[in-house]
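The values are calculated or read from the model by the stated rules, or taken from the named source; none is laboratory data. Computed from a predicted structure; not experimentally measured. Here Cβ is always computed from backbone atoms with ideal geometry, including for glycine, and neighbour counts include all displayed protein chains.
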């Protein structure tokens, strides 16, 4: 297969020169970007509800769950990025080439359902952010969200770097919002640090919420997407260059996922410092959290919360649309214009909003739908990256495969348990 770099020749050329051994002041810079796009899935509107519930009900107790989740996410996203680098193909394309056609069609259909459900929820999150910030009717807010999302997607015509930079700005914006929230809330940093590394629970309900946090660790759509982001971005010419590229890619993953993990921790810490400390343990919606912040911390804190939700929704819905395009093109070799895919997602979102379905409830349901897709993305990923005939010198170390299998089994079991609990079968 002939591999050509993606558009964005300046960055691609700089990266290739680094791989050839050229000295640069900051050699990591050309390689930063893909993981920041992927990490958006870990700070999407669905995370807001889960982290707020954990912090408001149990204080800082479940911080260690977020830390453990983030470590697992780093491993899985690294494997996805490595698949793209080693093969020059993304995960859906490898599945299409390696599996029989009926299996490929089945994988495609479930992946499409996952992508649509994900994008729907994230679109709703952005609309909710506009509503909370500006007092717009939710339907009007959804229309504004559609315009903003189209604007973000239009950046792709200028190459991958402007789009990566825009998404990274959203991620840093969310982080800045929560840094300000933490500064206002004044949490006890010693207690926060202790709960980040010392496992603990507070009753049966805290175990269930922990399962929810852990079970939603890996988002199937960004497992597909991350491999596509790296497959032709910077192309190595030799095995040595591929290994060097993989080292820089790991750094990209660690930086981006650490930042996402800190944001998730900040969400829970804010909820614990504000709601749990004040005895407000019944915060069960994003709107409720936004309203409650006003009398407790003031209007500024409430506005910052709404701004972070808006940034999260806009960036994650855009990334979700990209993932949907990768899924369709990879599994069935079909590509539709990105604006049409965005429009297809907007229609069900407008229907949900128009009939008055609760936005927060829709976010929760989307996490359940995502749970169904975890095994279909995670198991092939671990299997392919452990295959030397496919991966060559970038094949997983045996220890990596063992750990990845353990993580996959754990996540699948936790998501299964979460589904059982959600449908009231246990």
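Scanning for something assigned to a loop (DSSP other than H, G, I, E, B), surrounded by fewer than 22 Cβ atoms within 10 Å (Cβ to Cβ) and more than 20 Å from the chain's Cα centre (by Cα), does region 127-135 turn up at least one residue? Yes; the residues of region 127-135 include at least one that is assigned to a loop (DSSP other than H, G, I, E, B), surrounded by fewer than 22 Cβ atoms within 10 Å (Cβ to Cβ) and more than 20 Å from the chain's Cα centre (by Cα). The set of residues in region 156-183 that are over 20 Å from residue 260 (Cα atoms) and at pLDDT 85 or above contains only 162. So is residue 173 out of contact with any helix residue (DSSP H, G or I) (no Cβ under 7 Å at 6 or more places or on another chain) and surrounded by 15 or more Cβ atoms within 10 Å (Cβ to Cβ) or not? When the stated conditions are applied, residue 173 does not pass them.
Taking helices (runs of 4 or more DSSP H) as the structural unit, those lying wholly within region 2-68 and holding at least 3 residues that are at pLDDT below 90 correspond to 9-19, 45-58.
Only one entry of 114, 76 meets the criterion of being at pLDDT 90 or above, under 30 Å from residue 178 (Cα atoms) and in a helix (DSSP H, G or I), and that entry is 76.
The requirement of being buried (at least 19 other Cβ atoms within 10 Å of the Cβ), more than 30 Å from residue 192 (Cβ to Cβ) and out of contact with any strand residue (DSSP E or B) (no Cβ under 9 Å at 6 or more places or on another chain) is satisfied by residue 111. When each of 254, 274, 269 is tested for being modelled with pLDDT of 90 or more, crowded, with 23+ Cβ neighbours inside 10 Å and part of a helix (DSSP H, G or I), the lone residue that passes is 269.
Residue check: residue 56 meets all listed conditions (1) within 25 Å of residue 333 (Cβ to Cβ); (2) crowded, with 24+ Cβ neighbours inside 10 Å; (3) more than 19 Å from the chain's Cα centre (by Cα) but one, namely (1).
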